Amino acid sequence: MTVGLDTSVVLRLLVGEPATEARAARERLQAAHERGDLILVTDLVLAEAYFALHHHYGVPKADA
């Protein structure tokens, strides 16, 4: 099975907030990995996460 991550899930994994949702995302991702699922993050999701980290979370561009 292929599991596609959207921008909100990627952001939760990166920033850990909100904590409950970040923990759920980590657990689901770990379970998918253990099943041998293909985990997909598209280039659009990466671009949106980069922008959100910089713009909304104040992460410097070099770190984002």
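The values are calculated or read from the model by the stated rules, or taken from the named source; none is laboratory data. Predicted, not measured: the structure shown is a model, and the values here were computed from it. Glycine also receives a Cβ, built like all others from the backbone with ideal geometry; neighbour counts cover every protein chain displayed. Accessible surface areas use protein heavy atoms only, side chains included; no ligands, DNA or RNA. Shrake-Rupley method; radii C 1.70, N 1.55, O 1.52, S 1.80 Å.
Looking only at helices (runs of 4 or more DSSP H) that lie completely in the stretch 1-58, which have at least 2 residues being more than 12 Å from the chain's Cα centre (by Cα) and of a type outside the set (F, W, Y)?
Output list reads 19-35, 43-55.
Evaluate the stretch 55-64: report whether one residue or more is free of Cβ contacts under 8 Å to residues at least 24 places away in the same chain and touching a Phe, Trp or Tyr at 6+ places or on another chain (Cβ under 7 Å).
yes
Applying the selection to the stretch 10-52, what residues are open to solvent by less than 40 Å² (accessible area, probe 1.4 Å) and free of Cβ contacts under 8 Å to residues at least 40 places away in the same chain?
Once the filter is applied, which keeps residues that are open to solvent by less than 40 Å² (accessible area, probe 1.4 Å) and free of Cβ contacts under 8 Å to residues at least 40 places away in the same chain, the stretch 10-52 yields V10, G16, A22, A25, A31, A32, D37.
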